[in-house]
Each structure stands twice: as structure tokens, then as C-alpha cells.
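Coordinate-derived values only; no laboratory data. What you are looking at is a predicted structure, and each value in this text was computed from that prediction instead of being measured. Don't worry about glycine lacking a Cβ; one is built from the backbone with ideal geometry, like all the others, and counts go over all protein chains shown.
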Amino acid sequence: MISRKFRKIVFGGDYNPEQFPKKIWEEDMRLFQLAGIDIATLNVFSWSLNQQDEETYQFDWLDEVMDMLHANGVQVCMGTSTAAHPAWMAKKYPDVLTVTSDGKKRNYGRRHNSCPHSPTFRHFAGIMARKLAERYKNHPALLLWHVNNEIGNRCYCNNCEKAFRDWLKKRYGTLELLNEAWYTRFWGHSFFDWDEIVLPSALSEGLSGGNSDQTAFQGITLDYYRFNSDSWLDCYLIEYNAIKAEIPDAIVTTNFQGNGTYKPLDYFKWAPHLDIAALDIYTENHTPESYMALRYDLMRGLKDGAPFMLMEQSPSVINWKTVNPVKRPDVMRLRSYQAVARGAESIMFFQLRRSLGAYEKFHGAVIDHAGHEHTRVFKECAELGQELQQLGDRLLDSRLKSRIAILFDWDNWWAVELGGGPSAHIKYLDQIQKYYDAFYENHIQVDFIHVDTELSKYDLVLAPLLYMVKPGYAQKLEHFVANGGTFVTSFYSGIVNENDLVTPGGYPGELRKLLGIWVEEIDPLFPDQRNGMVMKQGFGKLQASYECGLVCEIVHLEGAETLAEFDRDFYRGSPCVTYHHFGKGEAWYAATDPSREFMQQWIKALCERKGISQLYEAPPGVEVTQREKDGDRFTFVMNHTEQIQKMNVGRSVQKELLSGLSISGDIELEPKSILILQA
């Protein structure tokens, strides 16, 4: 039996030998060994090469590459090649082509160009996955499977429309319930036959020039987003099941795009069908480190804390911005270790060798157009590869532990931004990031959870911008707080149910009892407007006053107490931050968007109130995380700044795994450096 478990943190990336003459392949093998490359993702976009017509399948080139990689100690992440259908397929079966929101049938071209409800696409994709699994199931190079690639376009064709109606029948059962959920008596939208329902597109419900996130009927569009995510999951499962039928112990995944927060796919619904979660993340030089950290933590949260894969990053430049600077020395290494520090068990790049033509010819690669090892980027990659070999399996299966959780809900994200609310500047990801940053800056680890996650293992649960409250979730939160937990939420919460219908009786709807408040009005501010927050009582190390913006809500107390109040406008003196003793716990509410300074100090005080302390006291720009396994603690200390930073790592002597040195007490961190301390 072939072992399909990782032997170490795998190191490599996308390899496209079909783009180069065979004389290059042997040189690639030499360079892979120099760089410590031990995994190559193959066959991602090779459908047209593998299947040149409806009946002919040709895998000889792939056989040769697989054998060559195995002979040189490189394992394979096998792509199923279904990320772009062949030209012959589009010509013979035009149902495979997508239709845009404004009703235009696309021609063959680009990638992500298939309709998820095309019978042709589903049929041939399943066959391709099965044929690949049959052919390579016993190949010693095979480690895992990569289905499709960065899945998730939206299609508005007739097949999708018919499938949407079937999906709605299963969801609602009757048109009476559907009409009620969609509030169709507004603007005379009542449906009396399933075939009357059309997709919400720029030609139907779309507003603002066809922007799909601005819609006249939020309930309809919300269901279409759910349907589209489910549709692509169905396509993924066609290939997943074809592989599993041949290789029951196969590791099967797909790489999530959008830097780990891709809006069209509900990752938590996909998670049970991923043997390991995987993401692609592409950053610029100015991308905040906390931005990447959040997305890694979210990937870890998809599988209840299990490790994930960093499937793609660039070793240097990206190629789609107006200006594409190179990554500065040591940045690639440091950001790679940041992923490992937060649960990654692979460091992989797009791409291993730089393409010579087409759109990605100037995208970064381990092997540059120069074609040799004498480049800065190659040398940095080789140094990282050597370090990962040195670490071996020490970090595999280790976990990050936390007593704090942040709720992340795709349905809520979609609903918040579908238009018609108080301000188009209210963005779900922005608020999640802001609350996350407060923990990041305090060096306190958090988990990301979904609505079905058991809360009892946490002391502090946050759900910023909890606009949508799903059935039973308010009661779940009440139980959590009544038993001693602390809950935190923010403005524009408790507004609607799972169908985006307003909960009557006053905001924050089902959360009103738990929070002990009633919100009378929501006053959105323009981007340059500010209000002030004045503390009414001491809490932690909070100052006397702070700034706030974006939204100011007019709050009435119904059992809650005031921590801070507004100091401007007609609602001056009304509460802006409240807390409510509920059973053995507390429920907190921020009726505005506070300054970053307030957030950092408030969150730290809330953690101290629960006995949660930071891993280490570290200067700004230094990130600290900790993975644990079998009684060992692996603490990552990363200096993201351009300056030497000083900190204290405690009296106990710890081994630094990359240098082999013993470290304790006061230390100095070189710019862009990383320590891994084992205790």
C-alpha cells in the first residue's frame, strides 16, 4: 500500500513541463534537487492536451513526467486538468460555455470558463478524473489530488436557471413558502409557477449598472449565491467521488482562491468534502501581515483546527497589478514561515519554472527565464527548502490552541452587502479584519468558527456585524453566555433572519434579550465624518476618550450598562459601547466602529477579564504564534519590520530549531527574521 501521508512540510509548486521542450526537463530535475523541491503540482490546465477529441485520451507525456519526478525524489500533486475545457468541447457542445450576468454567451477562451450545470462539463470532467485515478493509483510519486483550480465563477445560462428552480423546490417545497421567504408581494413579484422564476442578474433584479451585489430582491440573490456555491461543490464532488472510487485513501482537495476569502464559495459548506483545506495567497509588499494571518487562521478553522496547505504563492512578483514590484530579500521566507506558524503543512509556489509566453510569463517563479540557479530568488527558495528538510516531520500534525473564536459566515457576508442598507461602506470583511487585528496586535491566538461549531470550549466568542441571525443561533449564544461565556458583537447586528427578512419588534432582533439593549436608529456617517467616544467608567487601560466612525446607533438600555457614550450630534450622551450581565457571563455591544487604538485596548481588557494572556509581550511588527504536539510547544517569533527588535522570551531555555542554538531571556531579532522555539 502506498503511503499518502506527508513525510514533512512539503515544498514545491505548480510545474508545467508541457510548456517546454523535453531537453529542459532534465535540467529542471537538477534544479529541483538543488532547491529541495519535493512536490510538484502537475496537469492543472492540460485537459486539451490529454483529450484532443471526444474519444481520444493521451497521457504519455504525463507518464514520462511522473516517472522522471519519482526518479528524482519529487512527489506529485495531481491536477485533474478540468480548470479549462478544450476548444473542441466548446465548439461541439456550446452548453459548456458560461453566460454573463448581462446575458452574453461567452466564446471559448481564458480559464474558469465552464458552466457548472453543463451536462457536457460534468460528464467529461468525471470521466477525466476517473481515467487519471485508474492510471496513476499505484504510481509511487502520487501524493495527493488537486481538483479543478480556483473554482467559483458564476453562470446565468438556461441550464443554471432550470437547476436553480430545482434547488429552490428542494429548499422551500412550495411556492407559498418561497414567496414568503422572498417577500414577493413587494413590487408585485409573487410567483405562481416555478417556471416563472428567473435568475437574479443584470437583466432582472440587478441594480447599479448590473453590479451583482446590488439587487432589488436580496432574498432571491442570496439564494442564487447559495445555489452557485452548492453547484460548484456538486461539480467538485463528481471528480472527488471518481477519484475515491479508485483510490479510497486518496488525499483530495482543491485550492481556494481570493487569498482565502473568496466571496462566491461558502468554504464551511465545502470543508467536510476536503481531505485537507488548501488556499492560494498572493500578496503585495505593502499587504499587512495580519491580512495574511487572518486567512491562514480561517483555513485552519474550516477543518476544526486541522492543518491546511498553502497551495500557491509567488516566490517574488505577481503580474496583474499596474505595477508589480519584486518581493524584498527575506520576505518570501518570512511569509512562508508565517503560513507554517498558523497551521500550514506545505509551502508551494506558482510557479516552479517561469512560462515563456501568454498572460503569466512575467509571474514569479523559482526558476526564472535565466534558467539557472544563480538568481536571488532561486537561492532564497533553496535556503528555505534546506530548512524545511532540516525541520523534517517535527511540526506535522501540531495544532494552535485558543480560547477565543470569531464567527465567520458566508451567508451573512453575502446578505450584508446586497444593497439597500444604511451604507455601502459597511463591509463584512473589513469588520472581521478589524476585530481580528486587535487580537493579532496583542499576540493572542484565535479560531474561526461557523454557526454549527460547539461554543463550550471557548471563553470569548465574537461575531462582528452579525446582521443575519440563523434559526436557533440566538438561543445558542444565550446558552453560551448564561454558562459563563463572554460574547461580543457590533452595530448592524440582529437585523434579519436567514432569508434576509427583517426581524420585527426592534433591533437587534433575536439578540435583544441577550444584549439588553434596543437600537432605535442607525445613523451612517460619510467616510470623512467622525464622532467621539467618552468612557463612563474604567475598564482595563482604556483612556478617557476615542474617535469612532462609519456608523453611530441610537441605543436604549434594557438591562445593559454603558461603558462609553457618544459625545457629538443629537445623540450625544447615548451609549455607544454596552455590556450586559446575562446568567454567569457577559454580552458586549459596540454601536459604532471604534478607532484601532480603542479596539486593541478593549480586546486586551476583555481577554484579561477571562484570564487570557498574550503568548509573549512583543514590540509592534513582531508576530508570535504557537503550535503544540505531544507535549511540545513550538513558538514562532517573526520580525516583519526593517529594524532590529528586542524582546524577552522568558527564563526557560528553549531550542531554536533553525539554528540549533539554545535561547532564553532578552533577545534581538534581525529584520525579516524568524525563530522557532521548542519547549
| Under a 5 Å amide H to amide H cut-off, with H placed in plane at 1.01 Å, what residues pair with Ser81 once short-range neighbours are removed? | Ser46, Asn148
| Which values of log₁₀ I(q)/I(0), to two decimal places, follow from the Debye formula for the chain at q = 0.06, 0.10, 0.11, 0.12 Å⁻¹ with a uniform point scatterer at every Cα? | -0.37, -1.03, -1.22, -1.39
| remark: Given backbone amide H placed at 1.01 Å from N, residues whose amide H is under 5 Å from that of Gly549, ignoring those fewer than 5 places away on the same chain, are Asn531, Asp593
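How many percent of DSSP beta bridges within the chain run antiparallel, rounded to 5? It would help to have the intermediate numbers written out before the result.
Numbers: 56 of 96 bridges.
Looking only at bridges with both residues in the chain, the antiparallel portion is about 60 percent.
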| field | Value of relative contact order over the stretch 622-678, rounded to a whole percent, pairs C-alpha under 8 Å and six or more apart | value | 39 percent
| field | Amide proton proximity set for Leu563, modelled H, under 5 Å, gap of 5+ | value | Val577, Thr578, Tyr579
| Cβ-based charge dipole, the stretch 1-151, positive-most Cα from Phe45, Met66, Asn148 | Asn148
| Rg/Rg_ref, the stretch 349-403, where Rg_ref = 2.2 N^0.38 Å and atoms are Cα | 1.57
| Charge context of His70, other residues only, Cβ under 15 angstrom, K/R +1, D/E -1 | -2
| query | If the cut-off is a Cα-Cα distance under 20 Å, which lysines reach Lys646, setting aside same-chain residues fewer than 8 apart in sequence? | reply | Lys655, Lys672
| field | Cα-centred dipole magnitude for the stretch 622-678, charges only on beta-carbon of K, R (+1) and D, E (-1), debye, nearest 20 | value | 120 debye
| remark: Gyration tensor on Cα atoms of the stretch 158-202, a ≥ b ≥ c root eigenvalues, a/c under 1.5 rounded, else prolate if a/b beats b/c, else oblate, says oblate
| remark: A correct Stokes-Einstein calculation for the stretch 622-678, using the alpha-carbon Kirkwood radius, 10 °C and 1.306 mPa s, returns a whole-number D in µm² s⁻¹ of 137 µm²/s
| field | Rg to Rh, two decimals, where the stretch 404-609 supplies the alpha carbon set and Rh follows Kirkwood | value | 0.92
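Ranked highest first by average number of other Cβ atoms within 10 Å, how do 68-75, 172-179 line up? Mind dumping the intermediate values first?
Working: 68-75: 17.8, 172-179: 14.5.
Most protected by this proxy first, the peptides run 68-75, 172-179.
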| task | Can you find, among Thr98, Leu557, His374, the residue farthest towards the positive end of the dipole of the chain? Put +1 on the C-beta of Lys and Arg, -1 on that of Asp and Glu. | result | His374
| said: Give me the one-decimal nm value for the distance between modelled label points at Leu501 and Leu557, 7 Å along each residue's Cα-to-Cβ direction. | reply: 3.5 nm
| message | Tell me the relative contact order for the stretch 404-609 as a rounded percent, counting alpha carbon contacts under 8 Å between residues six or more apart. | response | 21 percent
| Taking 0.36 nm per residue of separation and subtracting the Cα-Cα distance, what length does fully extending Val331 through His374 add? | 13.6 nm
| field | Chain lengthening between Arg4 and Asp63 when straightened (0.36 nm per residue, less Cα-Cα) | value | 19.3 nm
| request: Could you rank the peptides 493-501, 557-565 by their average count of other C-beta atoms within 10 Å per residue, with the highest value first? | output: 493-501, 557-565
| How large is the helix-only mean residue ellipticity at 222 nm for the chain, computed as the sum of -39500 (n - 2.57) over DSSP H runs with n ≥ 4, divided by its residue count, in deg cm²/dmol to the nearest 500? | -9000 deg cm²/dmol
| task | Taking a cut-off of 21 Å between Cα atoms, list the lysines near Lys23, but don't count ones fewer than 8 places away on the same chain. | result | Lys361
| Farthest toward positive dipole pole in the chain [+1 Lys/Arg, -1 Asp/Glu at C-beta], among Ile197, Pro464, Met311 | Met311
| Counting alpha carbon pairs within less than 8 Å and at least 6 residues apart, what relative contact order, in whole percent, applies to the chain? | 10 percent
| Tell me, what is the FRET efficiency for Lys427 and Leu34 to the nearest 0.05, using R0 = 56 angstrom and their Cβ-Cβ distance as r? | 0.80
| query | Once phi is turned into θ = phi - 60°, what whole-Hz ³J(HN,Hα) does the Karplus curve with 6.51, -1.76 and 1.60 give for every residue of the stretch 648-660, x standing for Gly and Pro? | reply | 10, 9, x, 6, 5, 6, 10, 8, 8, 6, 7, 9, x
| request: Note down the net charge around His580, summing +1 for each Lys or Arg and -1 for each Asp or Glu among other residues with Cβ under 13 Å from its Cβ. | output: -1
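At a Förster radius of 45 Å, what calculated FRET efficiency corresponds to the Cβ-Cβ distance of Asp393 and Asp53, to the nearest 0.05? Intermediate results must be reported in sequence, preceding the final value.
Values: r = 45 Å, r/R0 = 1.01.
So, using R0 = 45 Å, E works out to roughly 0.50.
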| query | What percent of all Cα-Cα pairs in the stretch 373-501 falls in each 5 Å bin, counting up from 0? | reply | 2, 9, 16, 16, 14, 11, 8, 7, 6, 6, 3, 1, 0
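With a 10 Å radius around each residue's Cβ, average the other Cβ atoms per peptide and rank 586-595, 655-664, highest first.
586-595, 655-664
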| said: Under 18 Å between alpha carbons, and skipping anything fewer than 8 positions from Lys269 in its own chain: which lysines qualify? | reply: Lys170, Lys303, Lys470
| remark: A chain fully extended from Arg651 to His70 at 0.36 nm per residue, minus the present Cα-Cα distance, gains in nm 204.5 nm
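What is the calculated FRET efficiency for Trp518 to Asp569, with r their C-beta to C-beta distance and R₀ = 22 Å, to the nearest 0.05? Before the final figure, lay out each step's value.
Working: r = 19 Å, r/R0 = 0.87.
E between Trp518 and Asp569, to the nearest 0.05, is 0.70.
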| query | When the dipole is taken about the Cα centre of the chain, and only Lys, Arg (+1) and Asp, Glu (-1) are charged at their Cβ, what size is it in debye, to the nearest 20? | reply | 820 debye
